[in-house]
Amino acid sequence: MVPLSMQMFPEDTNRNLADLAEKAFKSAEILSRLREEDLEIGVTPKEEIYREDKVVLYRFLSDKAPTGERIPVLIVYALVNRPYIVDLQEGRSFVANLLKLGLDVYVIDWGYPSRADRWLTLDDYINGYINNCVDAVSDRYGGQPINILGICQGGTFSLCYTSLYPQKVKNLISMVTPVDFHVPEGLLNVWGGCTRGAQALDVDLMVKALGNIPGDLMNLEFLMLKPFQLGIQKYIDFAEIADNEDKMLNFLRMEKWIFDSPDQAGDTYRQFMKDFYQGNKLILGQVEIAGKGVSLRNIRIPVLNIYAEQDHLVPPASSLALGKYIGTKDYTVRSFPVGHVGMYVSSRVQRDLPPTIGDWLKARNGQTNPEPATLPTS
């Protein structure tokens, strides 16, 4: 006898439901065999160079023999997610592809803020942690200015840092970086209360009530920007890869990264939301960090601005606004036809983006940098 629930749908629908159920069972079977260690993340060997509080500076190690030119690049990632997305897995590692080009790649790992970090401010992150990490890399190259690659919120931090310390940065690369926080296409701008008619977010009340802003709350915010696609559709599509264990592992690596969200230090979140999202002070030249003004006009070094054409988190218009306010005459823009996360994991982007960065840096590197000195770990 056909169950009543099956009688309620046309035959094609019943067939599709049965097929979906079969795939779901296959997915569950494969998932039951997978272990936590199967989800290897962060595949490139690295060494600790500097540590301060919960922040660690790493240098990625390469088995590629030096070709006479080693260009130091410091990756400054956002606070919201973990930086291992740039080195997610074999074959899709942004870092590994940069190393193959002969670059000397470093990354700041912000760690996981605790309740003790509730009062960290942008001053602590920019004048403190970033500046100390820049000095640690620079010391390995005889005190020379270094190249910075800022990604997403880390790109905004890097713009602020370069404005305050122009003598310490040789070239700046901003990737999927928000600059104009009031562009109408920005879904996060609407959520943050930055558009006319939107209810402003009471950031002070949030910080007063919560202290640090929970990472789970931030994740919910991002998922709600595309609730069906990110909350339902991708899990329906997951059943389509039930017969491919490699694809399932890729999916699970992405899921692990998406939900590995550190809490946000309360006072840093407060200032970033109020000054950048709500006040849009970066393009107005009104951001102050430890009493010092941040002006994009003060950035006169070469700048490469890279954006994702289908980015729903940092819309192209937000990143492209940099060209209107930057002080440099050496300003280059490059784009890729992907979304925000696609910039890190798309196979096409991984083929084209690292050479774009490598060629741009080598053309502006001037004299050959010496090999980094061997220094004891701090």
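Summed over the stretch 312-341, residues that are within 22 Å of residue 281 (Cβ to Cβ) and among the charged types (D, E, K, R) total 1.
Return yes or no: is residue 264 polar (S, T, N, Q), at pLDDT 70 or above and in contact with a strand residue (DSSP E or B) (Cβ under 6 Å, 6 or more places away or on another chain)? The answer is yes for residue 264. Screening the stretch 51-81 for residues that are of a type in the set (D, E, K, R) and surrounded by fewer than 20 Cβ atoms within 10 Å (Cβ to Cβ) and picking the one that is modelled with the lowest pLDDT gives 69. If you scan the stretch 245-299, which residues turn out to be without any contact (Cβ under 8 Å) to a residue 12 or more places away in the chain and not in a strand (DSSP E or B)? Of everything in the stretch 245-299, those that are without any contact (Cβ under 8 Å) to a residue 12 or more places away in the chain and not in a strand (DSSP E or B) turn out to be 246, 247, 255, 279, 281, 284, 286, 291. Consider the stretch 271-323 and keep the residues that are among the polar types (S, T, N, Q) and more than 16 Å from the chain's Cα centre (by Cα). The one that is surrounded by the fewest Cβ atoms within 10 Å (Cβ to Cβ) is 286.
Among the candidates 366, 323, 342, the residue that is touching a strand residue (DSSP E or B) at 6+ places or on another chain (Cβ under 7 Å) and modelled with pLDDT under 95 is uniquely 342. Filtered by the rule that a residue be touching a helix residue (DSSP H, G or I) at 6+ places or on another chain (Cβ under 7 Å) and closer than 18 Å to residue 60 by Cβ, the stretch 97-129 gives 97, 98, 101, 103, 105, 106, 107, 108, 109.
Filtered by the rule that a residue be in contact (Cβ under 8 Å) with a residue 60 or more places away in the chain and under 16 Å from residue 163 (Cα atoms), the stretch 300-331 gives 300, 301, 302, 303, 304, 305, 322, 325. The residue of the stretch 82-127 that is surrounded by the most Cβ atoms within 10 Å (Cβ to Cβ), among those that are without any contact (Cβ under 8 Å) to a residue 60 or more places away in the chain and more than 19 Å from residue 354 (Cβ to Cβ), is 108.
Just one of the listed residues (205, 225) is part of a helix (DSSP H, G or I) and either at pLDDT below 90 or surrounded by fewer than 15 Cβ atoms within 10 Å (Cβ to Cβ) (or both), and it is 205.
Examine the stretch 117-130 for a residue that is within 21 Å of residue 42 (Cα to Cα) and more than 16 Å from the chain's Cα centre (by Cα), and state whether such a residue exists. The answer is no, given that none of the residues of the stretch 117-130 is within 21 Å of residue 42 (Cα to Cα) and more than 16 Å from the chain's Cα centre (by Cα).
Taken over the stretch 75-97, the residue count meeting the criterion of being over 13 Å from residue 46 (Cβ atoms) and not in a loop (DSSP other than H, G, I, E, B) is 6. Residue count for the stretch 139-180 under the criterion of being in contact with a Gly (Cβ under 8 Å, 6 or more places away or on another chain) and part of a loop (DSSP other than H, G, I, E, B): the result is 3.
The values are calculated or read from the model by the stated rules, or taken from the named source; none is laboratory data. Quick caveat, the model's predicted, so the values are computed rather than measured. No Cβ is skipped: glycine too gets one built from the backbone with ideal geometry, and neighbour counts run over all protein chains shown.
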